[in-house]
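The values are calculated or read from the model by the stated rules, or taken from the named source; none is laboratory data. Values in this document were obtained by computation on a predicted structure and should not be read as measured data. Quick reminder, even Gly has a Cβ in these numbers, built from the backbone with ideal geometry, and neighbours come from all protein chains shown. The protein model used for the area step is the full one, side chains on, heavy atoms only, and it has no ligands, DNA or RNA in it. Shrake-Rupley method; radii C 1.70, N 1.55, O 1.52, S 1.80 Å.
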Amino acid sequence: MIQEPFIETLRKSIVDNWDRPAFTDYGTDKTMSYADVAAEIAHLHILFQELGIAKNDKISLVGKNNCNWVTSYLAIITYGAIVVPILQDFRANDALHIINHSESRLLLISDFLYENLDITQMEQVEAVISLTDFSIIATIEHVDANKLSPQVIDAAFDAKYPNGLQPSDVKFCNKPNADIASINYTSGTTGFSKGVVTPLNALAGNVLFCSSNHVVYHESRQVVFLPLAHAFGCAFDFLTSFATGAHSWFIGRTPSPKILLQAFQEIKPTCVFTVPLILEKIYKTQIVPHLKKSSINWVLKMPLLDEVLLGKMRQALVDAFGGNFDEIIVGGAPLNAEVDEFLKRIHFPYTVGYGMTECAPLISYCKSAEYRTQSCGKPLPGLMEVRINEPNEEGVGEIQVRGENVMIGYYKNEEASRMAFTKDGWLKTGDLGIVDEDGFVYIKGRNNTIILGSSGQNIFPEEIESKLNNMPYVLESLVVKHSDGSLLALVCPDYPSVDADHLTKEMLEAAMETNRRNLNAQLASYEQISQLILYPHEFEKTPKKSIKRFLYTKL
């Protein structure tokens, strides 16, 4: 158990950084200092008290990344309640299910999202609160919204703090790290959502590791574009940043490369947390066009000249991210092998970590200087342990973990909780991988995505897809098993490249057939792809940009 209570860590940060900027809504003039955040938390605590919210009551929170979202999250956990972050990408029916399954008594939500919901369908919610101004959107019959207006809460705040809120007035609940902080509902690739019960200790473990290893620190500047309702962005872009006195800028819009590149130039972040898809898109827009030039390819074959050119490419990519960062940290999914090898070749400061919602999320990580391609670092020393269960002759087996960051279980799902752990207390990740002699973790695929070959061979579709995704005119792909036993590859074309090269439908199909032959030349006999099938648009993904495979398996 982490010694310092996580709630106390947050309180200390507010007091120690009172006048420093904490949060900014990018593209607006709204910036909140740590003192402003403390005052807003105090207002929300009064509101919760007036509504009769008790310790360990659940409060659902759904909306876009912004100052009010993070302030609400902090207010909920420092009050002693349990936050239920809901991804705004969830469909209305899924969000309603989470609100009811979690037994939430309150809902804080962006106004535009509530348009698709109805309080009368919520089994225990007593009031719906707007994330725009914390006004009451809806209440059940016995709750008087007029007595809970922002004006009434402001008056109660002024009466409680007649001289304004001072650092000495900041007092939060006394809640030990063993208690529950949040219930995070997964949106995984299997289609089955479970409520991950996360203790305060798991949040403390992630923040402690990140801050003590100087990944995020007092002077850090964070560009926040990962969904904060997901464990990855929440732990590092938000909670670690706040706990260390850093400053976070929230991108409330869809994080297209254009928007992000502009934000990076203006904010110049000190560390960037991202998923592979974002990094790969920036690589394709900033680097790939140069690599396609015949003159560049010629220079890259010259031993001395290539170092000069590669150095220029490295600087161009560094500049694209603002030029002031220590490293790019990639998580959430495997990084494309071609991108991985190129970034390593140009000595770009990046690393890949490994985690899951059930570990809030971090399991393994290493600094960019130590990073090895296609690995995902080492288990967090002193916090997390990793073992490979029943490895085969190649050392591949299920990755199992235990340590400070591990969840308590799944909410109201005893069977799933029991199945998630081994008899001796290790969490089954469902990922297959190896740990090398130096302790680096390598992921090969997932238990539930393995395809069984005709002679019983294990086929990892992710490895085939990684090769295919590097080929001309391929944006993304998905390898599936046909009902006749053969392997098919669904391919979403890179339409901008197709249009730029003026390809007809017939020319694109011919290019894909060439890709199929070249791909099969790199694969074992039992991995051969019998057909590439063009898919008209991008595959549906989870918020961390992993393809929802279960939607495409029946062919």
Karplus 3J(HN,Hα) series, Hz, for segment 378-393 with 6.51 cos²θ - 1.76 cosθ + 1.60 (x for Gly, Pro) = 10, x, 4, x, x, 10, 9, 10, 10, 9, 9, 8, 6, x, 7, 5
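I'd like the carbon and sulfur percentage of the solvent accessible area for segment 397-555, probe radius 1.4 Å, heavy atoms only, ligands and nucleic acids excluded.
50
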Kirkwood Rh and Cα Rg combined as Rg over Rh, evaluated for segment 80-237 = 0.99
task = Please identify every one of the GluC sites (Glu not before Pro) in segment 381-442 that sits in a loop by DSSP and has no more than 14 other beta carbons within 10 Å of its own beta carbon.
result = 393, 394, 437
task = Report, by chain and number, residues whose modeled amide H sits under 5 Å from the one on residue 137, excluding near sequence neighbours (fewer than 5 apart, same chain).
result = 128, 129, 130
message = What does the extension gain come out to for residue 548 and residue 513, with contour length at 0.36 nm per residue minus their alpha carbon separation?
response = 10.0 nm
key: FRET E, pair residue 528, residue 338, Förster distance 22 Å, beta-carbon r, rounded to 0.05   = 0.55
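Counting helices only, and only those DSSP H runs with n ≥ 4, report the 222 nm mean residue ellipticity of the chain as the sum of -39,500 (n - 2.57) divided by its residues, in deg cm²/dmol to the nearest 500.
On the way: 17 runs with 174 residues, N = 555.
About -9500 deg cm²/dmol.
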Extended-chain gain in nm, criterion 0.36 nm per residue less alpha-carbon gap, residue 500 and residue 458 = 11.2 nm
query = Shape of segment 430-484 from its Cα gyration tensor (a ≥ b ≥ c, root eigenvalues): rounded if a/c is under 1.5, otherwise prolate when a/b > b/c, or oblate?
reply = oblate
ask   = Could you give me the ³J(HN,Hα) list for segment 95-109, computed from phi with Karplus coefficients 6.51, -1.76, 1.60 and θ = phi - 60°, whole Hz, x at Gly and Pro?
value = 4, 4, 4, 5, 4, 6, 5, 7, 6, 5, 9, 10, 9, 9, 8
Stretch gain in nm, segment residue 373-residue 31, where the contour uses 0.36 nm per residue and the Cα spacing is subtracted = 119.2 nm
task = Quick one: check the C-alpha center-to-center distance for segment 37-73 versus segment 335-383, whole angstrom.
result = 34
message = Here are a few candidate values for Cα extents along the principal axes in Å: [x] 81, 52, 46; [y] 75, 51, 48; [z] 63, 58, 46. Which one was actually calculated from the structure I just gave you?
response = [y]
Segment 313-389: chymotrypsin sites (Phe, Trp or Tyr not before Pro) falling in loop per DSSP and having at most 13 other Cβ within 10 Å = none
message = How much of the DSSP bridge set in the chain is antiparallel, in percent, rounded to the nearest 5?
response = 55
ask   = Amide H to amide H, which residues 5 or more places from residue 327 or on other chains are under 5 Å from it, using H placed in the peptide plane?
value = 272
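Is the C-alpha gyration tensor of segment 4-109 telling us rounded, prolate or oblate? Criteria: a/c under 1.5 is rounded; beyond that, a/b larger than b/c is prolate, otherwise oblate. Walk me through the numbers on the way to the answer.
Working: a/c = 2.18, a/b = 1.35, b/c = 1.61.
Because a/c hits 1.5 or more and a/b fails to exceed b/c, segment 4-109 counts as oblate.
Take the Cβ-Cβ distance between residue 214 and residue 436 as r, set R0 to 30 Å, and report the resulting FRET efficiency rounded to the nearest 0.05.
0.70
Considering only DSSP beta bridges whose two residues both sit in segment 320-424, what percent are antiparallel, to the nearest 5? Please report the intermediate quantities before stating the final value.
On the way: 10 of 13 bridges.
Once the DSSP bridges in segment 320-424 are tallied, antiparallel ones form about 75 percent.
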query = Using a simple spin-label model with points 7 Å from Cα along the Cα→Cβ vector, what separation in nm is obtained for residue 93 and residue 12?
reply = 4.8
remark   = Amide H contacts under 5 Å for residue 82, restricted to residues at least 5 apart in sequence or on another chain and with H modeled in the peptide plane, are 56, 57, 58, 59
ask   = For the chain, what is the accessible area per residue in Å², given a 1.4 Å probe and the full set of protein chains?
value = 43
note = With x for Gly and Pro, the residue-by-residue ³J(HN,Hα) of segment 49-57, computed from phi through the Karplus equation 6.51 cos²θ - 1.76 cosθ + 1.60 at θ = phi - 60° and given in whole Hz, is 5, 4, 7, x, 5, 10, 4, 6, 5
request  = Highest first, please rank the peptides 259-271, 205-217 by the mean number of other Cβ atoms sitting within 10 Å of their residues.
outcome  = 205-217, 259-271
query = How many nm separate the modelled label positions at residue 100 and residue 135, each set 7 Å beyond the Cα in the direction of the Cβ?
reply = 2.9
query = Just how much of residue 386 is accessible, in Å², when a 1.4 Å probe is used and the result is rounded to the nearest 10?
reply = 30
